[in-house]
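Just so it is clear, none of the values below were taken in a lab; they were calculated from the coordinates. This one's a predicted model, so the numbers in the text were calculated from it and none came from an experiment. Please note: Cβ atoms are built from the backbone with ideal geometry, for glycine as well, and neighbour counts cover all protein chains shown.
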Amino acid sequence: MHSTFLKSSDFKISQNGQHITHEKLLSHYSIDVNLAVIAPERVEGVDAALLILAYMTAYYNLKRIEGLDEAVYPKFYSLQFQNPPASYGMLDIWPDKKSMFINPDSNALADKIIENEISILILPSDFQIKLDNESVYSKLVSKINTVYLYSDAFENSNSDFTIVSAVPEIYDWILSVFNTPSLSKDESVRIKRDKWISSHPDKKFLTQSFKLTTITDHIKKTA
């Protein structure tokens, strides 16, 4: 809940070369909407950190307006394909049970999305949800209404919108994902962390870009 100090103005957003407000970008969001970021290799979801935190800020803004208890976290999840999962707790995906391992070789991901009534998905740019069940496909398509793609290769020129933030705490929150205690001896995570640090030398200013897409473009039927 430490991200509650973030304000809409902490997110500088550009779309099609024009500045837009945080409120306009997330005008579709309501307080009862659930979100998940998919991170197959656990830690790459940090490349969507600014979008996750933008939604977190929208959530807390609405709670203040409605006079609701800020101590209740939103139903935001991190779904990962390796065990043990990385903790996204410092990005306010909390408690840690919301950062969970999912079996990638089944309909488990789609089932988890449906079970938790997730309607906003943030996916890696090349990701496909594998499905072999037509009924699950129909439920998933009807459930998901907003889908974003993230990638460390996205820039202004090849994305739909870009978020810039000058809140230095966010840099440390991102590092905390790599520094999940249960991953401390994982060499692959250390390599990813070092690569991320080297590509983000400015700890004050972070920039991430995203694309909008549809769920049907990212489902692969296997039967």
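Tabulated data for the structure shown
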item	result
Extended-chain gain in nm, criterion 0.36 nm per residue less alpha-carbon gap, residue 18 and residue 73	16.6 nm
For segment 92-223: lysine pairs under 16 Å (alpha-carbon distance), excluding those fewer than 8 apart on one chain	11
Lys, Arg +1 and Asp, Glu -1 on Cβ, resulting dipole of segment 163-203 about Cα centre, debye, nearest 20	140
Rg in Å to one decimal, and Dmax rounded to a whole Å, for segment 133-195 via C-alpha atoms	17.4, 46
Kirkwood-type radius of segment 82-149, with distances r between different C-alpha atoms, in Å	13.1
Two-decimal ratio, segment 3-110, of alpha-carbon radius of gyration to 2.2 N^0.38 Å	1.14
Net dipole in debye of the chain [+1 Lys, Arg Cβ; -1 Asp, Glu Cβ; about Cα centre; nearest 20]	80
Ranked list, fewest to most other Cβ atoms within 10 Å of each Cβ, for 2, 218	2, 218
The chain shape via C-alpha gyration tensor axes, a/c threshold 1.5	rounded
Volume per residue of the C-alpha convex hull in segment 12-68, rounded to whole Å³	104
Cα shape, segment 113-223, gyration tensor, a/c 1.5 rule	prolate
Antiparallel content of DSSP bridges confined to the chain, in %, to 5	45
Computed Rg/Rh of segment 52-125, alpha carbon atoms with Kirkwood Rh	1.00
Per-residue Cβ neighbour rank within 10 angstrom, fewest leading, 43, 141	141, 43
